Structure formats: C-alpha cells, structure tokens
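> Here it is, the structure, as structure tokens.
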Amino acid sequence: MEQKHLIGKLFPVFIFALTVGFAVLPNVAPGADFDSATAWKNVPAILSRITLPTFPDQKFPVTNYGAVGDGVTDCTAAFRNAIEACSDAGGGEVAVSGGTYLTGAIHLKSNVNLHIEKDATIRFTTNREEYLPVVLVRYEGTEIMNYSPLIYAFEQTNIAITGEGTLDGQGSAWHQWKSSTDPRLPVEMGNRGVPLAQRIFGDGHRLRPNFVVPFRCRNVLIEGVHIVNSPMWVMNPVYCTNVTVQNVTVDTKGPNTDGCDPDSCTGVLIKNCDFSDGDDCIAIKSGRDRDGQKVNIPCQDIVVENCHFKAGHGGIGIGSETSGGVQNVFGENCHFDSPDLEMAIRLKTNPARGGYIENVYVRDCVVKLAKVGIDMTLRYSSSGAIEGSAVPIIRDIDIRDTTFEDLTKQPIYIEGWSPLNQITDVTIANCRFLQATENSYVTNAARIHLSDDSGLEQKTF
C-alpha cells in the first residue's frame, strides 16, 4: 500500500503552530519510553485487585419458579422469586435454560449468578410499567431517579451475569418512544443543585433506561453473553469496585447505545469483547458537570485487552463526562475494523465538565479501518453545553506500537480549548499511519511528540 504523508509540509505547519501558541519541541524524549514501560508494570497489580465473584454450587432454575420459555408468558415474578430464593439460601446460580423468557426489570442480589445457557434468550418487555418504581441511576452522568435499568443491582457484592445466551432489550421500541422531557433536564437540575429527592423521572418523562447497571457494587462479572437491541447505554457500572467484563458480544444500534461505560469506578477489566454500537463502544466516564464535580469520584485503574471494535462513534473512548477525573487507563492488543467506526481512540470533554483525563496508555493495537485514528478534544459539544468555567485537563497520553492501516479522514485530530488551556504531553511512538484521505489537525496543544517512523512528515507540535 502506497504511503501518504498526511500532516503537510514542515514549513506551513511550523508557521501555523506559532500563530496558535504551540510549543515546537524535540522528538520523543529519552525518558518517554521508560515512563511508559514503568506505567505498564502497574497493570499486573491492578488486575490482581480485580477480584472475581465466587458462588456456592447450587442452582435455582427459573422454570422451578413459574418461568415459561415461550416468549409470551410474563416471567417477571419468576425471575424475582428465583433470585430471592437463591440469595436467601446464601447464593448460587439462577439458571435460565433453553427458550425465550419475557420479563420486566431484573434486580440482582449479592452472591447471585444469573446464568443464561447458550440456547436461551431473556427478552425484556417494552411495557414501561415493568420498570417502575424508579431507582437511583446516573443518567448520562447525572444522578436522578428513573426507570429501572433492565438489569440492576444496588449496593450488592459478588454478582454475575454469565453464560452464552442472549439478552434482548428490544431497543427499537424504546428508540421510537419519543421523550416528553428534554434529555438535558437532568443535567440542568444538577447544575442548579436541585436535591436528588426532587429529580424524579420515570413515568411521564420517557427517559430511556440503560441495559445493565450495577450501582455501588463490588466484585461484578459479566461474561460470555450476547447483548442486543439496547434501549440506551448497554453496560454501565456506576461507583463500582472490581468489575470484569469478558467474552461479551454487544450488537446494538440506535442513539446513545454505548457498549460499556464504567462510570466513577475503580478496577475494571474489559477483555475479549466484541462491540458494534450506535455510539461509543467503550466510554470511560466520571460524572457530568456540577453534579459530577460535587460527587467527585474518579474512574481509575481501567484495563482493556484483546477487544474488537466494529461500528461505533469511538472504539476505546474516554468522556465526555469527566467531572470526577479519569486516570490510569490501559488498552492493548485491540483491533478496530469498520467503515462505520468514527474514531479508533477517542478522548472528549469540555469546560462545562471539569475534571481531567491523564495517564492513558495504549499499545500493540491494529486499526484496519476507521475514519479517524486518534481524536482528542476539549471542545466536545454534541451532548449539550460546551461553555463553562471548569476547563478540564488532558495530559500524559501515550500511544505506541500501533498500526493505522486505512483511515478515511485524519490520522490525528487534537484540539485544545485555547492557547492557555491546551492538551499537553502526548506521545505517539512507533506507530505507523499507512493511508488516510485528510491531513492531521492539531491546535491549542503543546508537547505533542511523534516518533520518526510514523509516516507523517511533521513530528512535533
């Protein structure tokens, strides 16, 4: 494949850099490789702290509690009774065997493993009454009381969703159900300091629920299942510690259908997963705007390994909700391959958010096909207010040993807020950019280093 030089000739870029306040510095500093290698040495310690849940060896088949896998019978009570019996007995496996089980919201309890066998499907009803009463969630990063997620757990320990079966959220019905409330209302209430007890949504407001939400839980496992047709965000752990998501396939379309959004969590492993989404595949978050700044819980110690990203806005993404800060994120051995993938690596936030994104490390990935290779912005605007007085920080980002084969837009897009609020200290080392149709774009940034073998003419900004 013929290599294209994509940033432009050195002289024009250098002049442009001066006019917007760039620092034009030497190539990758000698210490950069050492710093990255030191950071990666922390990963085994992070993984050692992510404790998998364990369960007693006893089963509670949902069919023993009245569930019928005919796709028609309402099995909501059967799931509730099986989970309660399992929990009361000290825990175990709530087993879902062959068939299609129609149900409303499922609420997991401590020491319960919801196991869906290969030929089984849990199909969630589109009757909104089955997701009441409202429960505490974060709606796009703001705490509210809303419809229950399809699968929910609140302040539980040792919970799991496992098996090779399917979870079907019937998302298209939710997507057609137009909200009677401005989706920005929750964040506006958070910004005004409206007490949580008055942020009641659910019936009459039509804000779509997320699919799987463990909230303030510890030792969470989601493994093996196929998740399709989500109403909104698919997997959204909030305020959790020790979360493992592995061997999961997500295939969903529609607005806001992010694949996996750890939100203000500590210790998350996302491994061997396939994502095809209507929004970001992975989006690491920590709350939105003033409500997120008040809660002020970071998302940290996140490891993404061996995942495959297809359709989506971003593959490995951070933001836009960054109010509590995001740090210590590691991604490796991932593959990106779709004409419908907007950005392979995506960092996004804005001055309404506050917080920070720092200490992000990505290595040994292959981007076969995407629109943009690396995208970072402090001017993200598609989800509401861009202006604000809490300008976030994006710094200390290291991306290396990655090949970008075919990009239909820019190899690199880096956009700080202003000459005074820049994205800084980004190293892109030993990466190859083989083909793209547009030039890279960098503005309001400093100490952006590319190694000499990148295939791009301009190496520093």
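The values are calculated or read from the model by the stated rules, or taken from the named source; none is laboratory data. Every value quoted in this text rests on a predicted model; they were computed, and no experiment measured them. Neighbour counts are summed over all protein chains in view; Cβ atoms, including those assigned to glycine, are modelled from backbone coordinates with ideal geometry. Heads up: the accessible areas ignore ligands, DNA and RNA and are worked out on the full protein's heavy atoms, side chains in. Shrake-Rupley method; radii C 1.70, N 1.55, O 1.52, S 1.80 Å.
> Report the calculated FRET efficiency for residue 386 and residue 206 (r = Cβ-Cβ distance, R0 = 35 Å), to the nearest 0.05. Please list the in-between numbers first.
Details: r = 26 Å, r/R0 = 0.74.
Step by step, r from the Cβ atoms, then E = 0.85.
> Would you work out if the range 222-313 is rounded, prolate or oblate? Take a ≥ b ≥ c from the square roots of the eigenvalues of the alpha-carbon gyration tensor; rounded if a/c is under 1.5, else prolate when a/b is larger than b/c, oblate otherwise. All intermediate terms of the calculation are to be shown ahead of the outcome.
Numbers: a/c = 2.20, a/b = 1.36, b/c = 1.61.
Oblate.
> Out of the range 128-237, which GluC sites (Glu not before Pro) are coil in DSSP terms and have no more than 13 other C-beta atoms within 10 Å?
Working: sites: 129, 130, 140, 143, 155, 164, 188, 223; in loops: 140, 155, 164.
Hits after loop and neighbour filter: 155.
> 7 Å from Cα along Cα→Cβ at both residue 253 and residue 197: what's the point-to-point distance in nm?
Here the answer is 4.6 nm between the modelled labels.
> Now for a separate question. From the cross-link list 253/294; 271/409; 253/285, which pairs have alpha carbons spaced over 30 Å apart?
Too far apart for the 30 Å limit: 253/294.
> Which of 246, 219, 183 sits closest to the plus end of the dipole of the range 166-262, meaning its Cα is farthest towards the positive end, when Lys and Arg get +1 and Asp and Glu get -1 on the C-beta?
The residue sitting most towards the positive pole is 183.
> Could I ask something else about it? By how many degrees, 0 to 90 and rounded to 10, does the Cα axis of helix 10-20 deviate from the longest principal axis of the chain?
For 10-20 against the chain, the angle is about 70 degrees.
> If you average the sequence gap of Cα pairs under 8 Å that are 6 or more apart and divide by the length of the range 261-347, what percent do you get for the contact order? Please list the in-between numbers first.
Values: 248 pairs, mean separation 29.6, N = 87.
Contact order relative to length: 34 percent.
> Rounded to the nearest 5, what is the percent of antiparallel bridges among the DSSP beta bridges in the chain?
Working: 7 of 133 bridges.
Looking only at bridges with both residues in the chain, the antiparallel portion is about 5 percent.
> Per DSSP H run of at least 4 residues, take -39500 (n - 2.57); add these up for the chain, divide by its residues and hand me the 222 nm value, nearest 500 deg cm²/dmol.
Working: 7 runs with 62 residues, N = 461.
The helix contribution divided over the chain gives -4000 deg cm²/dmol.
> With charges only on Cβ, +1 for K and R and -1 for D and E, what is the dipole size of the range 234-308 about its Cα centre, in debye, rounded to 20?
Magnitude of the dipole: close to 240 debye.
> Which listed residue (335, 389, 411) has the Cα farthest towards the positive end of the charge dipole for the range 311-461, taking +1 on Lys and Arg C-beta and -1 on Asp and Glu C-beta about the Cα centre?
389
> Continuing with this model, one more query. Rounded to the nearest percent, how much of the accessible area of the range 114-253 (1.4 Å probe, protein heavy atoms only) is carbon and sulfur? Don't skip to the end; give the middle numbers.
Working: 2180 of 4900 Å².
Carbon plus sulfur share of accessible area: 44 percent.
> Hey, another quick one. For the range 323-461, what is the relative contact order in percent, using Cα pairs closer than 8 Å and at least 6 residues apart in sequence? Provide the component values of the computation, followed by the final result.
Details: 411 pairs, mean separation 30.0, N = 139.
Relative contact order for the range 323-461 comes out at 22 percent.
> Once the dipole of the chain is set up with Lys and Arg at +1 and Asp and Glu at -1 on Cβ about the Cα centre, which of 97, 318, 437 lies farthest towards its positive end?
Toward the positive end, the furthest listed residue is 318.
> So which chymotrypsin sites (Phe, Trp or Tyr not before Pro) in the range 177-213 are both in a DSSP loop and have at most 14 other Cβ atoms within 10 Å of their Cβ?
Numbers: sites: 177, 201, 211; in loops: 177, 201, 211.
Answer by residue number: 177.
> Let me ask something else about it. Go through the range 348-417 and name the GluC sites (Glu not before Pro) that are in a DSSP coil and have 15 or fewer other Cβ atoms within 10 Å of their Cβ. Walk me through the intermediate numbers first.
Working: sites: 358, 387, 405, 415; in loops: 387.
Qualifying residues, ordered by number: 387.
> So what is the accessible area of the chain per residue, in Å², with the probe set to 1.4 Å? Let's see the in-between values first.
Working: 16950 Å² over 461 residues.
Result: 37 Å² of accessible area for each residue.
> Students often forget the sequence filter, so: which aspartates and glutamates lie under 19 Å Cα-Cα from residue 41 once same-chain residues fewer than 8 apart are removed?
Within the straight-line limit of under 19 Å, residue 41 reaches these aspartates and glutamates: 33, 301, 305, 332, 358, 364, 396, 398, 401.
> Does the range 216-259 come out rounded, prolate or oblate, given a ≥ b ≥ c as the square roots of the eigenvalues of its C-alpha gyration tensor, rounded meaning a/c under 1.5 and, failing that, prolate meaning a/b above b/c? Don't skip to the end; give the middle numbers.
Values: a/c = 3.56, a/b = 1.51, b/c = 2.35.
Oblate shape, in that a/c is at least 1.5 and b/c is the bigger or equal ratio.
> Would you please classify the overall shape of the range 302-349 from the alpha carbon gyration tensor, given that a ≥ b ≥ c denote the square roots of the eigenvalues, rounded means a/c under 1.5, and beyond that prolate means a/b larger than b/c while oblate covers the rest?
On the way: a/c = 3.53, a/b = 1.38, b/c = 2.55.
The shape class here is oblate.
> Which stretch or stretches of the range 38-73 have amide N atoms under 17 Å from the point lying 7 Å from residue 129's Cα along the Cα→Cβ direction?
Flagged as within label range: 73.
> To the nearest 20 Debye, how big is the dipole of the range 327-461 about its Cα centre, given +1 on the beta carbon of each Lys and Arg and -1 on that of each Asp and Glu?
Working: 13 positive and 19 negative charges, 70 e Å.
Dipole about the Cα centre, nearest 20: 340 debye.
> Can you compute 3J(HN,Hα) from phi for each residue in the range 335-349, using the Karplus curve 6.51 cos²θ - 1.76 cosθ + 1.60 with θ = phi - 60°, rounded to whole Hz and x for Gly and Pro?
10, 10, 7, 6, x, 9, 9, 5, 9, 6, 10, 9, 10, 8, 6
> Right, another one. Where the only charges are on Cβ atoms (+1 Lys, Arg; -1 Asp, Glu), what is the dipole of the chain about its Cα centre, to the nearest 20 debye? Walk me through the numbers before you get to the answer.
Values: 39 positive and 54 negative charges, 195 e Å.
Dipole of the chain, to the nearest 20 debye: 940 debye.
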